[in-house]
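What follows is a set of notes on a single structure, which appears directly below.
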Amino acid sequence: MISPADDPERSFGFLLHDSARLLRRDFERRARALGLTRAQWAAIAHLRRQEGCNQSTLADLLDVEPITLARLLDRMEAAGLIERRPDPADRRARLVFLTAKAKPLIERLAEFAAETRQNALAGLSPEEQDRFVEALLRVRANLSRR
């Protein structure tokens, strides 16, 4: 008999990874309706929080290679979603900003995120949801220190 600790269906790492995968898949399905790829909506989401960051920082946040990000930003710039400006502090660096065309997408993405979150947390009381988020914050903090 498999102990609960050895059961992949109850493994913390497996459950966390699989839940994140399913969250991304649900959100991605919604974002496709806007014509956005996963990489594009992820870039928009990060820029919403850190608009004006340089490309190197954005590549780190997205966990992609700088050349991969450069190609993504080329496509997003051509679509009118972002603009790159020279960094006044470092002439080699470029700062990335969302354009007015991207702003309505942010609102729709926020709606999609709320719908996905509502689906994911269905059946949990508001108190259970709060405890769950607090536990995830502690897990992230623990792993961030390493």
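The values are calculated or read from the model by the stated rules, or taken from the named source; none is laboratory data. Since this is a predicted model, take the numbers as computed values, not measurements. Glycine gets a Cβ as well: all are built from the backbone with ideal geometry, and neighbour counts include every protein chain shown. Remember, those area values only see protein heavy atoms, side chains included, never the ligands or the DNA or RNA. Shrake-Rupley method; radii C 1.70, N 1.55, O 1.52, S 1.80 Å.
So Leu47 passes all but one of these: (1) surrounded by 12 or more Cβ atoms within 10 Å (Cβ to Cβ); (2) modelled with pLDDT of 90 or more; (3) under 15 Å from Ala120 (Cα atoms). Which condition number does it fail?
Every condition holds for Leu47 apart from (3).
Could you tell me whether segment 91-104 includes any residue that is outside any strand (DSSP E or B), open to solvent by less than 40 Å² (accessible area, probe 1.4 Å) and either of a type in the set (A, V, I, L, M, F, W, C) or more than 24 Å from Ile44 (Cα to Cα) (or both)?
Residues of segment 91-104 outside any strand (DSSP E or B): 99-104.
Right, trim to open to solvent by less than 40 Å² (accessible area, probe 1.4 Å) and you get 99, 102.
Add one more test, that the residue is either of a type in the set (A, V, I, L, M, F, W, C) or more than 24 Å from Ile44 (Cα to Cα) (or both), and what stays is 102.
Checked against the condition, which is being outside any strand (DSSP E or B), open to solvent by less than 40 Å² (accessible area, probe 1.4 Å) and either of a type in the set (A, V, I, L, M, F, W, C) or more than 24 Å from Ile44 (Cα to Cα) (or both), segment 91-104 yields at least one hit.
State all residues of segment 110-128 that are over 18 Å from the mean Cα position of the chain (by Cα) and open to solvent by 60 Å² or more (accessible area, probe 1.4 Å); if no residue qualifies, say none.
Listed by number, the residues that qualify are Ala122, Gly123, Leu124, Pro126, Glu127, Glu128.
For the structure I just gave you, tell me whether Glu107 is open to solvent by 30 Å² or more (accessible area, probe 1.4 Å), at pLDDT 95 or above and either over 16 Å from Arg38 (Cα atoms) or touching a Pro at 6+ places or on another chain (Cβ under 7 Å) (or both).
Details: open to solvent by 30 Å² or more (accessible area, probe 1.4 Å): yes; at pLDDT 95 or above: no; either over 16 Å from Arg38 (Cα atoms) or touching a Pro at 6+ places or on another chain (Cβ under 7 Å) (or both): yes.
No: the conditions fail for Glu107.
Looking at Ala43, Ala39, Ala59, Ala31, which one is in contact with a Leu (Cβ under 8 Å, 6 or more places away or on another chain), in contact (Cβ under 8 Å) with a residue 60 or more places away in the chain, under 27 Å from Leu136 (Cβ atoms) and among the aliphatic types (A, V, I, L, M)?
Numbers: Ala43 fails: in contact (Cβ under 8 Å) with a residue 60 or more places away in the chain; Ala39 fails: in contact (Cβ under 8 Å) with a residue 60 or more places away in the chain; Ala59 fails: in contact (Cβ under 8 Å) with a residue 60 or more places away in the chain.
Residue meeting the stated conditions: Ala31.
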